[in-house]
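Participant: Dumping the structure here so I can ask a few things about it.
The values are calculated or read from the model by the stated rules, or taken from the named source; none is laboratory data. Treat the numbers as computed from the prediction; the structure is a model and nothing was measured. Heads up, the Cβs are rebuilt from the backbone with ideal geometry, glycines too, and the neighbour counts pull from every protein chain shown.
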Amino acid sequence: MARFYIETYGCEMNKSDSIDIDLAFEHRGYKPAEKPEDADVVVINTCAVRHNAEERIQGRIGYYKSLKKRINKKQTLVVTGCMAQEWGKSLIEKYDNIDIVTGTYHTLDIPDLVLKYQYSREKLVKIDKDSYEFSGFKGERALGFSAWVNIIKGCSNFCSYCIVPYLRGPEQSKPHEEVIDEVTRLVNNGVIEITLLGQNVNAYGKDNGDISFIELLEKLNKIEGLKWIRFLTSHPKDFDVEDIRRIASLDKVCKQFHLPMQSGSDRILSMMNRRYTIKDYLRLIDAIKKYNEKYSITTDILVGFPDETEEDFQHTLDIVKKVEFDDAFMYRYSDRPLTKASKMGNKVDKEIAKKRLEELIDIQRKISYKKNKMEIGDTIEALIYRKSKKNKDEYLCKTATGKMVVVETKKPEGSFIEILISGISGNTLRGREISIKEELRI
């Protein structure tokens, strides 16, 4: 029986796409391989957001060339995702061990393309963006008790540093009836937690005149059996105070807000084409803190954008200290093809950008530690995710605000437990399970 192996890089959208690729293969009779050496077909699902991601993927393509020579000369190599969409035919021209290149609109077609290639032995490139179809697997897309649900694909924002709109195309919302049907099927199959996905979930419904994102959340909140709803990623320009107020009243929606700031300088935000000011951003932060008793706020911050001065960078540090994010994804600017920023002058010296990033990371780590330390002594409900890799008696659990907690328990994965937070290990909280008697005393 033919076997496949998928290697995934990049964001949650890519990870979600890989679930669809997996199901597409399984529906055609393939079985997943535990190791790439055992696979008849290897799929590399790629990322192109930053240059270093592409360098890593190119290294893996070279590895598979060696693997093909040493172990399985008939192994078919497929490169898909954002880097494949960007490079197209040039990938096959540069790496002769690649058999199929397919872009972001054709992940569901991969098994058919593999069959076509294995019959003809002619290399294939399919990167057109003529039409996009959401996955039809719906209720099958569960990862045990949890599932990602794509509600909107693409991005229409064209931030000046970002290549995503050019590779994933414009925003396209999945009809809300289909979203509700998919979530209902997932819940009927045992899912208790969903994460709504999109490059910009807050833009949901704007492209096709459907209901808004907050209205979708309100409908999903009524589904029997569903316990927790998460969502990412949000764009500050499409989020407003009224949305935050309404989210606060939805008991199933986790108060975990990932709100990319990118820069604390209005001048840089304008050059980035983010279409909000720091005053706008802080208004959202204040609303989150006002309407939610328990919450977490995380962000993305880009350092070293073209023409970023020391003053601009200090503005970013000031906002980081003011907001006190629970965590942040921090990275250094790199030119991306097709983007406006790549054509801008006054590039920041790499060493200066590196030092700025190191300073930012140091400050944010201290804030994250402080925020985690404040959790000690609290009793928190958490969902058991998986066994610890270090201790067979311990499990990694996730709170409604997205904090990870290590705890010893005999309950199975997918169970909710009450945890008394007792300490911190690195970036992870530690705690102990509270018995029913202890809960009554509290």
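Participant: Within region 209-230, can one find any residue that is farther than 27 Å from Lys398 by Cβ, touching a strand residue (DSSP E or B) at 6+ places or on another chain (Cβ under 6 Å) and in a loop (DSSP other than H, G, I, E, B)? Walk me through it before giving the result.
Facilitator: Initial filter on region 209-230 (farther than 27 Å from Lys398 by Cβ): 209-212.
Those left that are additionally touching a strand residue (DSSP E or B) at 6+ places or on another chain (Cβ under 6 Å): 210.
From the residues that got through so far, the ones that are in a loop (DSSP other than H, G, I, E, B) too are 210.
Yes - at least one qualifying residue is present in region 209-230.
Participant: So, in region 8-38, of the ones that are of a type outside the set (Val, Ile, Thr) and out of contact with any Phe, Trp or Tyr (no Cβ under 9 Å at 6 or more places or on another chain), which residue ends up nearest to Val114 (Cα to Cα)?
Facilitator: Residues of region 8-38 of a type outside the set (Val, Ile, Thr): 9-18, 20, 22-38.
From what is left, the residues that are out of contact with any Phe, Trp or Tyr (no Cβ under 9 Å at 6 or more places or on another chain) are 9-11, 14, 17-18, 28-29.
On the way: Tyr9: 21, Gly10: 23, Cys11: 25, Asn14: 20, Asp17: 17, Ser18: 16, Arg28: 11, Gly29: 13 Å.
The extreme case among them is Arg28.
Participant: A further question follows. Answer yes or no as to whether Ile352 is β-branched (Val, Ile, Thr) and under 27 Å from the mean Cα position of the chain (by Cα).
Facilitator: Details: β-branched (Val, Ile, Thr): yes; under 27 Å from the mean Cα position of the chain (by Cα): no.
So Ile352 fails the test.
Participant: Mind listing just one residue for me: the one in region 131-150 that is small (Gly, Ala, Ser) and part of a loop (DSSP other than H, G, I, E, B) and, of those, surrounded by the fewest Cβ atoms within 10 Å (Cβ to Cβ)? Steps first, please.
Facilitator: Taking region 131-150 as the starting set, the residues that turn out to be small (Gly, Ala, Ser) are 131, 135-136, 139, 142, 144, 146-147.
Filter again for part of a loop (DSSP other than H, G, I, E, B), leaving 131, 135-136, 144.
Details: Ser131: 7, Ser135: 20, Gly136: 13, Gly144: 13.
Top of the filtered list is Ser131.
Participant: Tell me, which strands (runs of 3 or more DSSP E) wholly within region 3-100 include 2 or more residues that are closer than 20 Å to Ser120 by Cα and under 25 Å from the mean Cα position of the chain (by Cα)? Steps first, please.
Facilitator: Working: elements: 3-8, 41-46, 76-81.
The strands (runs of 3 or more DSSP E) meeting that bar are 41-46, 76-81.
Participant: Answer yes or no as to whether Ile288 is in contact with a helix residue (DSSP H, G or I) (Cβ under 8 Å, 6 or more places away or on another chain), of a type outside the set (Ser, Thr, Tyr) and under 28 Å from Asp349 (Cβ atoms). So that I can check it myself, show each step before the final result.
Facilitator: Working: in contact with a helix residue (DSSP H, G or I) (Cβ under 8 Å, 6 or more places away or on another chain): yes; of a type outside the set (Ser, Thr, Tyr): yes; under 28 Å from Asp349 (Cβ atoms): no.
No: the conditions fail for Ile288.
Participant: With the checklist (1) aliphatic (A, V, I, L, M); (2) surrounded by fewer than 19 Cβ atoms within 10 Å (Cβ to Cβ); (3) touching a Cys at 6+ places or on another chain (Cβ under 7 Å) in hand, flag the one item Val164 doesn't pass.
Facilitator: Against the list (1) aliphatic (A, V, I, L, M); (2) surrounded by fewer than 19 Cβ atoms within 10 Å (Cβ to Cβ); (3) touching a Cys at 6+ places or on another chain (Cβ under 7 Å), Val164 comes up short only on (2).
Participant: Quick one: which of Asn346, Asn391 is outside the structural domain of Thr409 (by TED's automatic domain parsing) and farther than 26 Å from Ile229 by Cβ?
Facilitator: Asn346
Participant: Can you tell me which residue is farthest from Pro260 (Cα to Cα) among those in region 180-212 that are surrounded by fewer than 21 Cβ atoms within 10 Å (Cβ to Cβ) and among the small types (Gly, Ala, Ser)?
Facilitator: Gly190
Participant: Sticking with this one: Restricted to region 234-266, and to residues that are among the hydroxyl-bearing types (Ser, Thr, Tyr) and buried (at least 18 other Cβ atoms within 10 Å of the Cβ), which residue is nearest to Leu357 (Cα to Cα)?
Facilitator: It comes out as Ser263.
Participant: Among the residues in region 151-160, are any outside the structural domain of Ile19 (by TED's automatic domain parsing), at pLDDT 95 or above, farther than 24 Å from Asn292 by Cα and outside any loop (DSSP other than H, G, I, E, B)?
Facilitator: Looking for residues that are outside the structural domain of Ile19 (by TED's automatic domain parsing), at pLDDT 95 or above, farther than 24 Å from Asn292 by Cα and outside any loop (DSSP other than H, G, I, E, B), one finds at least one in region 151-160, hence yes.
Participant: Of the residues Phe313, Phe329, only one is over 23 Å from Glu12 (Cβ atoms) and either part of a loop (DSSP other than H, G, I, E, B) or aromatic (Phe, Trp, Tyr) (or both); which? Give the steps one after another, and end with the answer.
Facilitator: Values: Phe329 fails: over 23 Å from Glu12 (Cβ atoms).
The match here is Phe313.
Participant: Tell me, yes or no, whether region 410-417 has at least one residue that is in a strand (DSSP E or B) and either in contact (Cβ under 8 Å) with a residue 40 or more places away in the chain or small (Gly, Ala, Ser) (or both). Even if it seems obvious, please write down each step before you answer.
Facilitator: Here is the first cut: in region 410-417, the residues in a strand (DSSP E or B) are 416-417.
With the extra rule that they be either in contact (Cβ under 8 Å) with a residue 40 or more places away in the chain or small (Gly, Ala, Ser) (or both), the set shrinks to 416.
Looking through region 410-417, at least one residue is in a strand (DSSP E or B) and either in contact (Cβ under 8 Å) with a residue 40 or more places away in the chain or small (Gly, Ala, Ser) (or both).
Participant: Limited to region 331-349, what total is found for residues that are of a type in the set (Val, Ile, Thr) and out of contact with any strand residue (DSSP E or B) (no Cβ under 9 Å at 6 or more places or on another chain)?
Facilitator: Restricting attention to region 331-349, the residues satisfying the condition of being of a type in the set (Val, Ile, Thr) are 339, 348.
Checking which are out of contact with any strand residue (DSSP E or B) (no Cβ under 9 Å at 6 or more places or on another chain) leaves us with 339.
The total comes to 1.
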